[in-house]
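Worksheet: one structure, shown below.
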Amino acid sequence: MPAPLALAESRAPPAAPPARSAPPSFPASVPPLTAFRRSHPGGRHGGLSSSWKAAERHPRTTLARSSAGKASQSPRRLEGPAAGALAGETPPSAPGRRSPIRARFLRHFPQKAKGTSGGRGSLSGPGRGGFEGRVQSVRSLVEAEVGTVGARRLSAFVLLLGFVWSWLRPSWCQPQARQGDLGPVSRVEGHLGLCGSPTSVPGKPAADTRSWCSCLTCGIRCSNMGLTRQYLRYVASAVFGLIGSQKGNIVFVTLRGEKGRYVAVPACEHVFIWDLRKGEKILILQGLKHEVTFLCPSPDGLHLAVGYEDGSIRIFSLLSGEGNVTFNGHKAAITSLKYDQLGGRLASGSKDTDIIVWDVINESGLYRLKGHKDAVTQALFLRDKNLLVTSGKDTMVKWWDLDTQHCFKTMVGHRTEVWGLVLVSEEKRLITGASDSELRAWDIAYLQEMEDPEEPEPKKVKGSSPGIQDTREAEDGTLEMDEAPEDRILTCRKAGSIMREGRDRVVNLAVDRTGRILACHGTDSVLEVFRILSKEEIQKKIDKKMKKAKKKAKLNSCKEEEEDLEVNVEMTLQDEIQRVTNIKTSAKIKSFDLIHTPQGELKAVFLLQNNLVELYSLNPSMSTPQTVRTNRITIGGHRSDVRTLSFSSDNIAVLSAAADSIKIWNRSTLQCIRTMTCEYALCSFFVPGDRQVVIGTKTGKLQLYDLASGNLLETIDAHDGALWSLSLSPDQRGFVTGGADKSVKFWDFELVKDENSTQKRLSVKQTRTLQLDEEVLCVSYSPNQKLLAVSLLDCTVKIFYVDTLKFFLSLYGHKLPVICMDISYDGALIATGSADRNVKIWGLDFGDCHKSLFAHDDSVMYLKFVPKSHLFFTAGKDHKIKQWDADKFEHIQTLEGHHQEIWCLAVSPSGDYIVSSSHDKSLRLWERTREPLILEEEREMQREAEYEESVAKEDQPVVPGETQGDKYFTGKKTIETVKATGQVKEAAASGALGHSGRGEGGVRMRGEPVAVEASVTLHQPDARRVFSRAERIMEAIELYREETAKMREHKAICKAAGKEVPLPINPILMAYGSISPSAYVLEIFKGIKSSELEESLLVLPFSYIPDILKLFNEFIQLGSDVELLCRCLFFLLRIHFGQITSNEMLVPVIEKLKETTISKVSQVRDVIGFNLAGLDYLKRECEAKSEVMFFADATSHLEEKKRKKKKREKLILTLT
């Protein structure tokens, strides 16, 4: 046996402590374990107790001072316990350090300790071989002491004892359960071996679920049964602090029969309905994930169409607040939505340059219009014509004929992007706004009105080339691109321009619903309001000008020429469109909406850039209208981004502070209960007792506020630069601040006499200052208040002792400055987040880096530990909040919801709530649920989401036979539609799908891309439900076949028996009221939603089609649901055209269907015409009885009567 060596000799530092005396040697006859015990009579810890007690009497590590007396930045040679650590010893009380028994073992077996790496909690470095060698040495000790059989029995006994102990140990010796853990906690620190010392994992990371017993005397590997750790899920609870987001537009909505009182405002992914009179939020239209980009109310005021950033459109009911209809057809954000006059069709424009017309009643897409080369900015239906006019950022305005779904005119008279257009003067004038200060007006002339009505229409040339275009020069010099002359529907001629006062681009251009008021604004805070004169007003102006011109001509001409005097007066565009006034708002305008009240007052509501809604009113009929601000919604949010958040100690109050105000929110009701003005706030906390708050500002001041009165108690100039960070001391008697003036200052709370009252008030006083060489970005106390962590601009974190302010550790490794950091509740770990997108986890005892995590795709802005656990949250500029496990170094979950950079977050003292703030002006509340979170499931869900996103970006055809760039479906590609495509392809391969010739190709426009005429469904993400509907159709057809065969057999049996035999009824038919099999098939078709009908028919195999056609013939003959059956019939004929026409068995069926369908459809048309005639007759009868005009003619007739009455009164006045 070699002579035992001291532990310090195996890894001696340059300046080693005094050598210890070697333990006495014993004869070889003495067993090793007995010699080990005799040489250390102090018991299990006695042999090293004196050395460790002496080490503990040493002072903590101090700074080495230079000859000049200044403290150097690097620590000197460690003394005391630290020196023992460098020598291979660690105090027995420190978790994860070497126990005294292990140190004694290494003394007796130095040849086994040569590979010791000295790492924290390790026995043999990263490998496992050294540890196995030590285990074998311990086993040899035990075998030498008690024999081989005894060692095996002892091993089995220790293993059994470890299992029993891990499950039945009393609560006083169990490790403290962490917040967010469920079930048995597989913590390395909690497992105890036979010797009772805490375990560590030698050569393995702490995240391994199998832990090794640190008691080397047993040599048994202990396991926590392989249990995986579980966490609790955090979910989004609410969005508050937001009045309106900037990407969408504000619109007036009608609720409870009131107009002009309620507005709909986009709020990230939701839509808020605000009551302007009370300033309250009365309804929230819940969104899913993506941000709202456009709002459009329906003409009847009952629905609101909402466009989202991912290209989806949802239609909400304003009565119930539910969105039952979803359109998925665009691949990019929605930029324009517009209903037609009746509200039955909806046109949507997107950044993907497409326009899609949707059938709102049928809940399906009608056709996709392609032609723009950049994002569509506006789309408008014409009231009396089936036309659509659109504008885009490609500088073009296009006119579309919706009967043929093609573009028949392209206006190229703009040199910059066209941002908006409106139709005025009974749709005979078009006004466009571009990127300059000019509003261009175009006169529209419809050729049908100009031609002779008796002249027959010219026959269209089918064989004309689609590339032929008529490009001509208009009167104003601009170019207009028309289709062939026979396809011209209207002409546009430039009437002039209106110069705006603003020099920037037009952001929004709109008219009120009467078409009399035109308004536009740029990127500033001024809305320019114009009034469009009616024909009567224009005629009056012409008459006045004529009189003035005649009078002037009389004075200038001779008397002889009076009889031959002729005066020509021309009206300019400025005479027809008059400037009314300018409305100046308090901030930059993002969007606006106009409404005319019955009293003749114009109301304009604005969504401003600073999270504000303002309402202005004016009377445009006055000569000098005065603008009055009537309402303002401000209390619901900050004017700028929130830069600091804090929770009160009771988890009820939430503090948010921005550049100009502090708000206190009630967490349960999300109501703002206090607003206080402040300077630009950067950091904050609640004073113990939750009666005051302390704010650190960008100018380096400390501001102390009283919450009860909302008053500013005191302002202190704390730092010369920005005050970046505050940290409340664990004893709650003071706090520490760090600023840009390269100093850390310590403050204590004190009570001083208030000058305004006899009572004392809270104040703070500075006690100490720590001057550093770099700017301080973040400060943090350790929980025991012994250490202070300071983040500096040089990318390092310095650790100082609080009592002496001496340097302890330097944490370096980040490539960019550390913006945020936090220390765990037990003081064992410190986590740092940096602008280099990494998070590093350090041990606070030696300053070693446990793990470096690539946390975010952009800078890590905030980091906070969950109280009483080693879980922590990080927030980044990549719009995400992530939760991490500092023990296992694993990413637990990602909280997605914010749409822009996240600035800060706060974790409640209980750990149940999180509040975060972002550049999108929203505050979000996240709540911890009782739902367990399994990491494997989270990873799987994340992979599926990534795959679905990659699939959606692909440009592969959705339907076989579809050419590149064409879309048979006006639907978006998702993972469900990919699955649907697979089934469609299988059906096509088996002969289920035919080719319809023109159906898939669509209508080709002359000079334009392909536009599709097929009607398509809208619920593409609900493909599973579509397939279930198709399966129900197939089951119904099979049941019809079976029941038909049974009925034939029953007739044969009855004929053979010569009497009537009872027929058993199918239970399914009995459940439907004992209906016939064919009626059951019809009920299945009627039960399918209109939006899913065509897709359900599309995936049907062709083997079911003959039976369906025969049944349709029977149903149509009976006159049952003719409209539904014709729709299904025409769709089936279109997709199975080839196979149906080539099948001789189906020719008679098709002939019968042709006769039956024509006759029944004509009957239905006659019924509808009769009903319309009856309604018209009832209308005339009601008008004759009450002498009041109804419906659309009432307003115009009433205005005509008023005008005639005024003329009569003027005539009487002139006569008198």
Those residues of region 573-624 which are open to solvent by less than 50 Å² (accessible area, probe 1.4 Å), over 22 Å from Ala441 (Cβ atoms) and at pLDDT below 90 amount to Thr597, Gly600
The one condition in (1) open to solvent by less than 10 Å² (accessible area, probe 1.4 Å); (2) out of contact with any Pro (no Cβ under 7 Å at 6 or more places or on another chain); (3) over 29 Å from Glu901 (Cβ atoms) that Phe807 fails to fulfil = (2)
Given His891, His898, which one is part of a loop (DSSP other than H, G, I, E, B), touching a residue at least 12 places away in the same chain (Cβ under 8 Å) and either open to solvent by less than 10 Å² (accessible area, probe 1.4 Å) or not aliphatic (A, V, I, L, M) (or both)?
-> His898
Can you tell me which residue within region 1004-1057, out of those that are at pLDDT below 85, assigned to a helix (DSSP H, G or I) and of a type in the set (Lys, Arg), is most open to solvent (accessible area, probe 1.4 Å)?
-> Arg1024
Filter result (surrounded by fewer than 18 Cβ atoms within 10 Å (Cβ to Cβ) and farther than 29 Å from Val866 by Cβ) within region 764-804 | Lys765, Gln766, Thr767, Arg768, Thr769, Gln771, Asp773, Glu774, Asp794, Thr804
In region 392-443, anything within 19 Å of Arg500 (Cα to Cα) and among the aromatic types (Phe, Trp, Tyr) is listed as Trp419, Trp442
Counting just the residues of region 306-321 that are outside any loop (DSSP other than H, G, I, E, B) and among the polar types (S, T, N, Q), which one comes out surrounded by the fewest Cβ atoms within 10 Å (Cβ to Cβ)?
-> Ser317
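Yes or no, residue by residue, for (1) open to solvent by less than 60 Å² (accessible area, probe 1.4 Å); (2) among the hydrophobic types (A, V, I, L, M, F, W, C); (3) in contact (Cβ under 8 Å) with a residue 40 or more places away in the chain; (4) on the phi < 0 side of the Ramachandran plot:
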{"residue": "Thr627", "(1), (2), (3), (4)": "yes, no, yes, yes"}
{"residue": "Asp641", "(1), (2), (3), (4)": "yes, no, yes, yes"}
{"residue": "Ser646", "(1), (2), (3), (4)": "yes, no, yes, yes"}
{"residue": "Ser649", "(1), (2), (3), (4)": "no, no, yes, yes"}
{"residue": "Ile652", "(1), (2), (3), (4)": "no, yes, no, yes"}
{"residue": "Ala657", "(1), (2), (3), (4)": "yes, yes, no, yes"}
{"residue": "Ser661", "(1), (2), (3), (4)": "yes, no, no, yes"}
{"residue": "Ile664", "(1), (2), (3), (4)": "yes, yes, yes, yes"}
{"residue": "Arg667", "(1), (2), (3), (4)": "yes, no, yes, yes"}
Any residue at all in region 743-763 that is crowded, with 17+ Cβ neighbours inside 10 Å and within 19 Å of Thr832 (Cβ to Cβ)?
-> yes
Single residue of region 810-830 satisfying the filter (part of a loop (DSSP other than H, G, I, E, B) and of a type in the set (A, V, I, L, M)) that is surrounded by the most Cβ atoms within 10 Å (Cβ to Cβ) | Ala828
How do the pairs read when you match residues in region 341-353 that are part of a strand (DSSP E or B) with residues anywhere that are among the small types (Gly, Ala, Ser) and open to solvent by 20 Å² or more (accessible area, probe 1.4 Å), using Cβ under 8 Å and keeping only pairs 6 or more apart or on different chains?
-> Ser350/Ala332
Any residue in region 1150-1175 that's open to solvent by 100 Å² or more (accessible area, probe 1.4 Å): show its pairings with residues that are not hydrophobic (A, V, I, L, M, F, W, C) at Cβ separation under 6 Å, as long as the two are six or more apart or on different chains.
-> Lys1152/Asn1113
Out of Phe1102, Phe1085, Phe1027, report the one residue that is under 28 Å from Gln1163 (Cα atoms) and not aliphatic (A, V, I, L, M).
-> Phe1085
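Give the residue, chosen from Asn324, Asn362, that is modelled with pLDDT under 90, of a type in the set (S, T, N, Q) and either open to solvent by less than 10 Å² (accessible area, probe 1.4 Å) or in a loop (DSSP other than H, G, I, E, B) (or both).
Every option except Asn362 fails the conditions.
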Within the bounds of region 682-702, is there any residue that is within 28 Å of Ser525 (Cα to Cα), touching a Phe, Trp or Tyr at 6+ places or on another chain (Cβ under 8 Å) and open to solvent by less than 10 Å² (accessible area, probe 1.4 Å)?
-> no
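Give the residues of region 871-887 that are outside any strand (DSSP E or B) and buried (at least 21 other Cβ atoms within 10 Å of the Cβ), sorted by residue number.
Ala886, Asp887
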Of all residues making up region 817-832, the number that are farther than 20 Å from Lys868 by Cα and within 29 Å of the chain's Cα centre (by Cα) = 2
Scanning for something part of a loop (DSSP other than H, G, I, E, B), in contact with a Phe, Trp or Tyr (Cβ under 8 Å, 6 or more places away or on another chain), touching a residue at least 12 places away in the same chain (Cβ under 8 Å) and β-branched (Val, Ile, Thr), does region 726-739 turn up at least one residue?
-> no
Filter region 1118-1152 down to the residues that are polar (S, T, N, Q) and in contact with a helix residue (DSSP H, G or I) (Cβ under 7 Å, 6 or more places away or on another chain), then identify the one that is modelled with the lowest pLDDT.
-> Ser1120
Can you find even one residue in region 219-242 that is modelled with pLDDT under 50 and not in a loop (DSSP other than H, G, I, E, B)?
-> no
When both residues are 6+ apart or on different chains and their Cβ atoms are under 7 Å apart, which pairs have a first residue that lies in region 779-796 and is part of a loop (DSSP other than H, G, I, E, B), and a second that is polar (S, T, N, Q) and surrounded by fewer than 20 Cβ atoms within 10 Å (Cβ to Cβ)?
-> Gln785/Ser729; Thr796/Ser810
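The values are calculated or read from the model by the stated rules, or taken from the named source; none is laboratory data. Quantities reported herein were computed from a predicted structural model and do not represent experimental measurements. Cβ sites come from the backbone with ideal geometry, for glycine too, and all protein chains shown count toward neighbours. Side chains included, ligands, DNA and RNA excluded: accessible areas come from the protein's heavy atoms. Shrake-Rupley method; radii C 1.70, N 1.55, O 1.52, S 1.80 Å.
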